[in-house]
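Each reported figure results from applying straightforward, stated rules to the coordinates on display, with no laboratory input. Since this is a predicted model, take the numbers as computed values, not measurements. For neighbour counting, all protein chains shown are included, and Cβ atoms are generated from backbone atoms with ideal geometry for every residue, glycine included.
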């Protein structure tokens, strides 16, 4: 199935894009490369892209700006690359809708593993109820179609956000620790920043909650739970 996947790699360093391209092609992915933001957007708008590896620092449009523009029109998985290890940079990328990140320098094998893990998360392999509704239809989710609706209007969630929201909604009132959510949503081998979950939760809350309906509750010192009553 890999040969049906188109991956766009965006980095201003040609050597990095070529190394990533070589590793991904070994896994039978079809790879497009761009060395600046405008070329990246042109390729994205022209081709059917299934995944984006996006450098944070680019000579024209920043990685953050590209992420924002893409998220207006698509929920395609995005993995950000950053030369900075500061927490603020990682959180900013996730807040803008990236699904994951890697700090440079990184192992190409680790990058490939992360991409495969994200593709696995986007597969429609849920086994519980297909459609779940809360508060007389104020919020509903179709698990198999990976669609979430607020007051009948579809809300766009990234694949990671959807998997996280679905995990909570399928287990109402169950308290999940951050570690449990990381294992269920990001995978057992995830070694990233453990507060990644907090940023995804913040994004989900903005999309599904309003003044009268607060669904995701913080359990201080532990994690989160979904309350649908």
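The table that follows gives values for the structure above.
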{"quantity": "Cα gyration tensor category, rounded, prolate or oblate, for the range 2-46 with a/c compared to 1.5", "calculated": "oblate"}
{"quantity": "On Cα atoms only, tilt of 108-122 relative to the major axis of the chain in degrees", "calculated": "40"}
{"quantity": "0 to 90° range, to nearest 10: angle between helix 63-73 axis and the chain longest Cα axis", "calculated": "60"}
{"quantity": "Likely footprinting exposure, 71, 121, fewest C-beta neighbours within 10 Å first", "calculated": "71, 121"}
{"quantity": "Using alpha-carbon coordinates, inclination of helix 196-208 to the longest axis of the chain, degrees", "calculated": "60"}
{"quantity": "Inverse mean reciprocal Cα-Cα distance (Kirkwood Rh) of the chain, Å", "calculated": "18.2"}
{"quantity": "Whole-Å distance, taken between Cα centres, linking the range 33-61 and the range 198-229", "calculated": "32"}
{"quantity": "At 0.692 mPa s and 37 °C, Stokes diffusion of the range 2-122 via Kirkwood alpha-carbon radius, µm² per second", "calculated": "234"}
{"quantity": "Kirkwood Rh in Å, taken over the range 131-226 so that all alpha-carbon pairs contribute", "calculated": "13.6"}
{"quantity": "Mean separation of Cα contacts under 8 Å, 6 or more apart, over the residue count of the chain: relative contact order %", "calculated": "14"}
